[in-house]
Every structure is written in structure tokens, then in C-alpha cells.
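Structure first, commentary second.
Every number here is computed from the coordinates shown, using simple stated rules; none is lab data. All values derive from a computational prediction rather than experimental measurement. Every residue, glycine among them, receives a Cβ derived from its backbone with ideal geometry; neighbour counts consider all protein chains shown.
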Amino acid sequence: MASPELVLLLLLTALPPLWPSSLPRLDTAEGKATIAGLILSALERATFFLEERLPEINLDGVVGFRVLEGQLRSVQAQWAQDPLLQPLSLRVGTLAAKLESLLQRSIFYLKLSDPEYLRDASLVYPTFEPEDSFSEDSSDSCLVELLGTRYDSGQPCGLSDSCRALMTRPGCSAYCLSHQLLFFLWAQMKGCTEGLFHRSQHYIDLFCANMMDLNRRAEAIGYAYPTRDIFMENIMFCGMGGFLDFYKLRWLEAILSWQKAQEGCFGKPDVKDEELSKAIQYQQHFLRRVKRREKQFTDGCSTHNTATAVAALGGFLYVLAEYPPANAAPQPSTLSPPSSH
């Protein structure tokens, strides 16, 4: 029997070439409405998953849906002005209202399951652990320091020497990189501008350039399962940072294909081939990924996979709402509105 290493190598070398998206064109009103409908259907199924598993969903899962709720509110307001998209606007509004109710209920369960984590961390994501071990606890502490949510009533925009070194450390990858980006995104949202934070945009540009490279590598190897979560997280965070080139139609098509049809969640694919399963296990071990707060269900559903997926899809929907009309001749491969410059 072939070794997992050999199987993985064969899988990577036998992948088909990259093809453009088979989704409808965006330069017609019908194409735009069709794609919006596909995204909405996926989000409705994911919200059903949230509703069904609400007592078991952890904070990481809730955060992605909270981001989605905000995106839906913006989309609803935009589409209400377009006669062709008004029916979709009603669907968006209904979904946003349902999410608002579910997220309010989720607080009760989160307080029961992990009250300390809910109180202290606010927004904490899993991390990549290379050989020199990027410390998730240290990263969490830096976010708490930045937000000013310490027990001793710390002020926002705090930055210790250790956090400065950690959050600007070069050469980070995967979840280490996303933690660094999240830190500077939150610094901008909090209005931190002094000292290092004066260069926040520089670091955001730098990190998203590297995250784009990681996403292209994930695409080049056929979106192997262990790469999907960080792939979607990169779209989520860099999309929040305003990098519209992450909204590629072929990437949207890939994400939509990963949703479990029956459960509505995102997570581990149904792998029947034993050799492929071993290759995935080997790659997971090689990546040394640590998900301290991950919630994996027996049916393969993942709270974090689902959270990053819905936030990424919500970003696609938000950008689609801003997409120019047919006579604006947009680029067909990327959901990018025309520049305002």
C-alpha cells in the first residue's frame, strides 16, 4: 500500500488545470440576480444549521454569523432601491431578522458553555502552530490589550513591546498571519493612530498580499480540505480590509460547492477513498494546526469552517450589491466595483 506522503504527492500532481468560473456572467441583470440567489440559498441553509445546533455552537461559530448579519443589513438597504432585486432584498431582510434572533439566543448558551472566554476574548480565532510555536494565548492577550478589555479597566489602543514584536513579526503564515491582520484591522476600527498604529494600513497591505499568495497556492493544489478554512478566513478578513480582488467568481463557486447539502454546514468532506483520507490526515499532521476552540460534529460539520464560509459568502453578497450595472463593462473574473479614484 502506498504511503500517505506518496498518495498526497500523486494527488497534487494529478490535479486538473485551473478553469474560469462556470457561474453566470455578471454583466447582465439576470446573471447578477442568479448569483445572488445562489449565495442566499447557501446562507439560508447555513442559518438552518445554526438554528438546529444553537446550544452546541461555540463563540467562533457565532462570530462569523454576526459578521454576516451586518453584511446582510447593508445588502438589504442597497437592493431595496433596485426593482429587479427587490424580491431578493426581502429574502435578505428575512434572513437578517432570523439571524438577529438566533444570535441573541446564542448568548445564553455561550454564557453557559464558556463564560470566561466570552467575557475576555471577544473575538478569538484558531491559529497555525509552526515549529517555533506562534502563541495563541499571547495573541489573545494582545487583542485584549488593544481593545482595552482587561480586568483592570485598561484603555484601548494599548501596545506592549511583546505585542509589537508579535504582531509585526515577519514570515508568519496561515493563522499566525490572520491574527496579525485581525490585530491591525481592529486597531483601525478602534481609531488607534499613535505610534505603530500610524502604519496600520502598511501592515494590512503586507499581510493581505501574503494571504492572497496563500489562497492562490490553495487553489493551485485543488483546495485540499486542510487549506479551505484558512482560505475562507483570508477572504473574510481581507475582504473586511477592502481588498476586493479576493472576491473572485471561481473562488465563490468553490466555496458554494463545499457546503454539505443536507446539514447546511461546512466542514470535513465525505471521503470514501481510504488513501485520500490518509493523505488528508498526513497533511493535517504536517500543518500542525491547533484549533483550541474548534467544535467538530460527528457528521463532519465544523463551527469554524461554517463561520468563515458564511462571512466570506456574505462579503461576496455585499460586493455583488455594489456591482455596477451591465453597461459598466465590469471584469468578469472578480467581483470588484469600479474604483472611486
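Between the beta carbons of Glu44 and Arg217, assuming R0 = 35 Å, the FRET efficiency works out to 0.65 to the nearest 0.05. Taking a point 7 Å out from the Cα of Glu51 in the direction of its Cβ, none of the residues of the range 58-87 has a backbone N less than 14 Å from it. The packing ranking of peptides 297-306, 218-227, 156-165, highest mean first, is 297-306, 218-227, 156-165, where packing means the average number of other beta carbon atoms within 10 angstrom of each residue. The gain in end-to-end length when the Leu112 to Arg199 segment is fully stretched comes to 27.3 nm, 0.36 nm per residue minus the alpha carbon separation. Pairs from the table (Lys248/Lys268; Lys190/Lys248; Lys111/Lys190) lying more than 27 angstrom apart at Cα are Lys190/Lys248.
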